[in-house]
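I have placed the structure first, in the form of structure tokens, so that the comments after it can refer back to it.
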Amino acid sequence: MSPSAIRWLIGGILLVLWEVLPRAGLVPQLFLPALSQTIAVAIADWRIFAEALAVTLSEAAVALVFACGGGILAGALLGSVARLRGLLLPVVSSLYAVPLVVLYPVFTAWFGIGAQSKIAFASLYGFFPTLLGTAAGIQTIDAQLLVTARSMGATLSQRLRHVVLPAAIPTVIASLRLGGALVIVGVVVSEMLTSSAGIGYLITSYRTVLDSPRVYVGILLVLLLGVLLDLGMRLLEHAATRHRPSAVPRRAAPAI
Amino acid sequence: MKQALSERAVTERPMIEVIGLGHTYESRGVASRALEDIALTVQAGRFTVIVGPSGCGKSSLLMMMAGLRRQTEGTILVDGRPMLDPDPDRVGVVFQDANLFPWLSAIDNVAFPLMLRGLGRSERLDRASAMLELVGLGHAGARYPSELSGGMKQRVSIARGLVQDPPVLLMDEPFAALDEQTRMTMGEELLRIWSQTSKTVVFVTHSLSEAVYLADEVLVMSAHPGRIIDRIEVELPRPRTYEMMATATFGQLRDRIWRQIRSPQPGNPA
Ligand SMILES: Nc1ncnc2c1ncn2[C@@H]1O[C@H](COP(=O)(O)OP(=O)(O)OP(=O)(O)O)[C@@H](O)[C@H]1O
Ligand SMILES: [Mg+2]
């Protein structure tokens, strides 16, 4: 059987178990409401969920622009200016290791509990991986390609536009993928902590009243969001790297 | 001036002149002398090969001739003018690795230097495909570097070095990464292209056979610091053939170069 057939099979079995186990009383409905029941409340309350989804999506979209735009710009700067890199990269790398969620209370104090604080938090959350990925991508550009371009009389701006940019695209997109996923995490987590709208908020409020089916609908929607974003990024990656057998095209990795 | 036995009409016009060149690298405050007292003249249309031990400064010298690195002392004139910056109108460069841009097809790689100069797309592609034709890759223009063999990549790289029609082609171990058979064919091909285009070629190699097979003149360098210790006129007729490699003259020339490279030099105890 092919790996994808196996994946579909496992998925199908899980769905069946999701229906059968709660119905048979093997798992309490409070922990896991049956699949059909979950779908039923999703359809009944679709308007509520759609509104929450719209809130979450719009926050994520704005945060994505900030995180990825800022991350790519800052990463390109750090990647190409050695002095700046020596100065800032250690700081950025260690900031990346800090659980940024501890900052969230501060963000709500600054920006209130509306959309701004969530956007600010999610932007910061996605910013660092995008920055680090882009910086690494720019640093790993084959210096020989730049010398070659120079030998053909390429000016600095031509080298940036026609060599650095296309050479860095695969790594930049890969870091966008990671940054984008973290933006979703950032938005949902902040909605769950302090908020009055969005999918994360719905999940938390249904949980406090022990409404398991609706909690599960919320979780499914977050999963869907993450998967769709990843799919979009993958399509982008595929389109941009069609002609490259790997991220490092110059020498093939030895077969071990 | 010694006349080359070459069939080709070599006009006695200096294309490359290196005058009193020396170079000292400085890294982290430590100075190291890489090139000392280099003087050479390459007449237009001649094929000059530079050989010498690893680290003797062959690549450095070539980079300076290409305007990619500035020497600390001395002057390099190409076509009568100093070489201060890369100038694709005068000098094309081919490196050991083909250094093709992996995101461009073969023909776009060849057209890249023309794109930098703002030529229109159709003229670019016309000239690039003529060059691919010249290196025997007329059929492979649409392929990407990852879809080409090592020899094909290096042909594309040569086509790219020639596309702006510079009078001088500098080649730094262009065939070093290829297997022996491909290397032989590439040598033949290069001589054919050279005789069709009448370029002045400076070619660096570690292979003594390749040096004798290709060259009008072989310059032998020694290391620490890099100097030119011998100039050998290769008076084998052209076109060169594979059979010539078995002749006594060929063997004597190769032995002479080998003895020069192996012999202890002043300041370089064996
Ligand atoms: N950028 C640099 N900074 C400092 N030293 C350098 C630099 N480039 C080369 N050198 C030194 O200059 C000397 C000549 O180097 P070069 O690369 O020109 O030698 P080469 O003859 O091309 O060697 P090979 O046959 O191994 O390619 C070497 O000792 C090398 O260590
Ligand atoms: Mg070298």
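The values are calculated or read from the model by the stated rules, or taken from the named source; none is laboratory data. Since the structure is predicted, the reported quantities are computational estimates derived from the model, not experimental observations. Cβ coordinates were reconstructed from backbone atoms using ideal geometry, including for glycine residues, and neighbour counts include every protein chain displayed. Just so you know, the surface numbers come from the protein's heavy atoms only, side chains and all, with ligands and any DNA or RNA stripped out. Shrake-Rupley method; radii C 1.70, N 1.55, O 1.52, S 1.80 Å.
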Which of B:94, B:18, B:30 moves most in a GNM of chain B, Cα contacts under 10 Å?
B:30
Which value, in Å² and to the nearest 10, is the accessible area of residue A:207 when all protein chains are kept and the probe is 1.4 Å?
130
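Would you kindly calculate the translational diffusion coefficient of chain A, applying Stokes-Einstein with the Kirkwood radius from alpha carbon pairs, for 10 °C and a viscosity of 1.306 mPa s, and quote it in µm² s⁻¹ without decimals? Let's see the in-between values first.
On the way: Rh = 21.0 Å.
Answer, rounded: 76 µm²/s.
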Along the dipole axis of the protein assembly as shown (charges at Cβ: +1 for Lys and Arg, -1 for Asp and Glu; origin at the Cα centre), the most positive-end residue among A:138, A:82, A:58 is A:58
With runs of 4+ DSSP H residues as the only contributors, calculate the mean residue ellipticity of chain B at 222 nm using -39,500 (n - 2.57) per run, divided by the residue total and rounded to the nearest 500.
-10000 deg cm²/dmol
Given the rule -39500 (n - 2.57) for each run of at least 4 DSSP H residues, summed and divided by the residues of chain A, what is its mean residue ellipticity at 222 nm, to the nearest 500 deg cm²/dmol?
-26000 deg cm²/dmol
Rank B:245, B:134, A:128 by how far each Cα sits towards the positive end of the charge dipole of the protein assembly as shown (+1 on Lys, Arg Cβ; -1 on Asp, Glu Cβ) and give me just the farthest.
A:128
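If you count the DSSP beta bridges with both ends in the protein assembly as shown, what percent of them are antiparallel, to the nearest 5? Don't skip to the end; give the middle numbers.
On the way: 24 of 42 bridges.
Within the protein assembly as shown, antiparallel bridges account for around 55 percent of the total.
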Note: probe point = Cα of residue A:82 + 7 Å toward Cβ; backbone nitrogen < 16 Å; residues of the stretch A:139-154 passing the test are A:139-144, A:146-147
Could you check the simple spin-label distance between residue B:139 and residue B:126, using points 7 Å along Cα→Cβ, in nm with one decimal?
2.6
Expressed in nanometres to one decimal, the distance between label points 7 Å along Cα→Cβ at residue A:160 and residue A:236 is 2.2
Taking accessible area as the heavy-atom solvent-accessible surface of the protein chains with a 1.4 Å probe, which residues of the stretch B:82-96 lose no less than 30 Å² upon going from the isolated chain to the full protein assembly?
B:86, B:88, B:95
Leaving out ligands, DNA and RNA, and with a 1.4 Å probe, what % of the accessible surface on the stretch A:33-241 is carbon or sulfur?
74
At a probe of 1.4 Å, how much accessible area disappears from chains A and B on forming the pair, both sides counted, to the nearest 100 Å²?
2000
Answer check: chain B, Cα atoms, Kirkwood Rh, Rg/Rh ratio of 0.96
Return the carbon/sulfur percentage of the accessible area of the stretch B:1-133, one whole number, probe 1.4 Å, all protein chains in place.
49
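Which sequence of A:19, A:51 reflects their accessible areas, 1.4 Å probe, from the largest down? Working shown, then result.
Numbers: A:19 50, A:51 120 Å².
Descending accessible area places them as A:51, A:19.
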Residues hit by the 30 Å² burial cutoff in the stretch A:142-168, accessible area with a 1.4 Å probe, assembly against chain on its own, are A:144, A:145, A:147, A:148, A:150, A:151, A:152, A:158, A:162
Which residues in the stretch A:213-238 have a backbone N closer than 20 Å to a point placed 7 Å from the Cα of residue A:23 along the Cα-to-Cβ line?
A:213-214, A:216-217
Roughly what would the spin-label model give for residue A:61 and residue B:89, points 7 Å off Cα along C-beta, in nm?
5.2
Under a 1.4 Å probe, what is the accessible area of chain A per residue, stated in Å²?
55
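Let me know the charge dipole size of the protein assembly as shown about its Cα centre in debye, to the nearest 20, where only the beta-carbon of Lys, Arg (+1) and Asp, Glu (-1) is charged. Write out the running numbers ahead of the final one.
Values: 47 positive and 41 negative charges, 82 e Å.
With only Lys, Arg, Asp and Glu charged at Cβ, the dipole is about 400 debye.
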Roughly speaking, what is the stretch gain from residue B:19 to residue B:39, that is 0.36 nm per residue apart minus the C-alpha to C-alpha distance, in nm to one decimal?
6.7 nm
Rounded to the nearest 20 debye, dipole of chain A from Cβ charges on Lys, Arg, Asp, Glu:
980
Can you give the Rg to Rh ratio of the stretch A:4-43, both from alpha-carbon atoms, with Rh computed by the Kirkwood formula?
1.06
Could you give the accessible area per residue of the stretch B:1-117, probe 1.4 Å, as a whole number in Å²?
42
